[in-house]
């Protein structure tokens, strides 16, 4: 199968959906000729014109609000938020307006909007361009949250998001834009709420989101060399969450580590760990543990930044402790 | 006789500003230092460059250069039919009657929560909405019952919503602050001050992209002009020439604070900074509001938008129904003056009778019908069922019937 970058996969998804449905359009900062700073949208304005690839001023709440209004009246906007960190600027439009409109109207109004944004540290961009803020919006009922872990997921999930009648936020890891993966030539979509078992195992379950799937897979390789069989699962969407697959794996292996690049406290790792404890407690041989980003603002210096995010080595060490019982003894 | 409005050298409420306006009664309005000058006599055309120049000079003197246009209506050229005039009157009466009933429901503890009365501002919602088609969109505010009625809503479903009943427009999930008849182009009342400015502008973007010829009106108050979102979306609306009309209902108070304490400079100058054609209108004069709205709506349909209106109006009640003792920010005498001398319904009534569109008796009969209609809707809503508790997790997502199942 051919391999393409995550950036190309996103681009293809948009091209296909914009050709399929004339109501789909893109708006955001420098999305047209510039194709975004990450060049993900290169070539789109040439094919679709400036009515469907709309450059906006640097007014995140403004263009997000306009996107919500357009979505409520028959369009299917894909709003491009240049950095995930800017989500704090648009919280009212996203969380008070888009997320609640369907409910507050008693089901009469819909907001079929996609917010494409990014996440991920270690790009030496410091505290305001490096955050992974998906947990914050996952807290708000009414939004769906997708977190692609490769080019394959990025394309399939984005196409599903564009066809969804609800507001969907997609977090792409900005460090993965140039990572390649196998992506079929044929059209496909990936349903929301269906986790993907990336690797089967029997001794421990590693649940990872976005780029943490790769971290978990590398840890699984290292564990295998030590004779430990790790299962790796990618939830793909955290809202809706495929609790069934996660719980089934926990019951099977009896040990779980949840790995996510959001801050560890009050985050996705906590939520998933709780659900596993509630549903699989009597099957567990060890406490479900979490590895998230350190609870500090992301620092600039490489010497500091690199230790704030989960690494395969940390997952590997943690897994060994869980399997050996060391962690339980320590507690 | 003309109805008019003046430029926005800053208006009346406090500084004794010049609001040039003659009301439906033909008399200069109270509380306004009326400018009487040949230069201010409307001559028919809506835009009067010579006057405009003089106004600019005036404004310059005050250090507030403004290009706000003065809308002057020549009543002899009014094409308002008896039907249209009476419908506007009826809609204003319906809003007032709805609000009186809503207030009673609150005072008698039959309504959950609280609500914000639109009484006194009826001419704004009616004058504008009567210039729109059902397919045109509006966004409304926490003080939204008036917009809802004016855009064609029915009393029964409105009272049901107010009381949290299943047959309410939002199945009881929205309540007073989110009430909307969505089927008539109302995209919702919004409980975040200024929160709907993006939505209205987005609806206008849809109209432009899909070439529907539709128009969107964004209702908001003077208080919302303090929100940054307004400036962002007005900028984009002007850049992209969107068919949106920003309708600022300046009722003189931003919640419990006088407008001049929260708004520096002129309100219309804010829109003018983006090159948006702006008007200041007597919001108590339904005919003036309607005539101007019709003109601007048609121009917006042709791609000449956006536009900005500052509608000078007044809120009879407090910020909300529970805001009873409010003399610390507003004198009772001021409220009484507006009720007695600038009431939009009384003025329209006088005009209808004087011009023989209707007799006093016919208008009394009309008001009686509306009262009965409201009373029967209230009685219906009070006995209507609440939503089943199983509805609590419905309508969170379009494609999941019960999200917690």
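The values are calculated or read from the model by the stated rules, or taken from the named source; none is laboratory data. Model, not experiment: these values are computed from the prediction. Cβ coordinates were reconstructed from backbone atoms using ideal geometry, including for glycine residues, and neighbour counts include every protein chain displayed.
List of remarks:
- Residues (surrounded by 24 or more Cβ atoms within 10 Å (Cβ to Cβ) and either outside the structural domain of residue A:21 (by TED's automatic domain parsing) or within 17 Å of residue A:308 (Cβ to Cβ) (or both)) located in the range A:132-145: A:132, A:134
- Counting the residues of the range A:72-117 that are more than 7 Å from chain B (Cβ to nearest Cβ) and within 18 Å of residue A:159 (Cβ to Cβ) gives 11.
- For the range A:273-281, the criterion of being assigned to a strand (DSSP E or B) and modelled with pLDDT of 95 or more is met by none of the residues.
- Looking only at the range B:203-220, and only at residues there that are surrounded by 24 or more Cβ atoms within 10 Å (Cβ to Cβ) and more than 9 Å from chain A (Cβ to nearest Cβ), the one that is nearest to residue A:24 (Cα to Cα): B:215
- Within the range A:288-308, tally of residues that are out of contact with any strand residue (DSSP E or B) (no Cβ under 9 Å at 6 or more places or on another chain) and surrounded by fewer than 17 Cβ atoms within 10 Å (Cβ to Cβ): 8
- Meeting the requirement of 2 or more residues that are closer than 20 Å to residue B:237 by Cα and in contact (Cβ under 8 Å) with a residue 12 or more places away in the chain, the helices (runs of 4 or more DSSP H) wholly within the range B:279-363 are B:286-301.
- Total residues in the range B:247-265, condition free of Cβ contacts under 8 Å to residues at least 12 places away in the same chain and touching a strand residue (DSSP E or B) at 6+ places or on another chain (Cβ under 9 Å): 1
- Tally of residues being touching a strand residue (DSSP E or B) at 6+ places or on another chain (Cβ under 9 Å) and either within 14 Å of chain A (Cβ to nearest Cβ) or buried (at least 24 other Cβ atoms within 10 Å of the Cβ) (or both) across the range B:127-180: 27
- Of the residues making up the range A:147-198, those that are more than 14 Å from chain B (Cβ to nearest Cβ) and part of a strand (DSSP E or B) are A:170, A:171, A:172, A:173, A:180, A:181, A:182, A:196, A:197, A:198.
- One residue from A:257, A:238, A:233 being touching a residue at least 60 places away in the same chain (Cβ under 8 Å), farther than 16 Å from residue A:318 by Cα and outside any helix (DSSP H, G or I): A:238
- At least 2 residues being surrounded by fewer than 22 Cβ atoms within 10 Å (Cβ to Cβ) and either assigned by TED's automatic domain parsing to the domain that holds residue A:168 or touching a residue at least 60 places away in the same chain (Cβ under 8 Å) (or both) is the threshold, and among the strands (runs of 3 or more DSSP E) wholly inside the range A:1-114 those reaching it are A:3-5.
- Filter result for the condition that a residue is out of contact with any strand residue (DSSP E or B) (no Cβ under 8 Å at 6 or more places or on another chain) and closer than 16 Å to residue B:194 by Cα, over B:233, B:244: B:233
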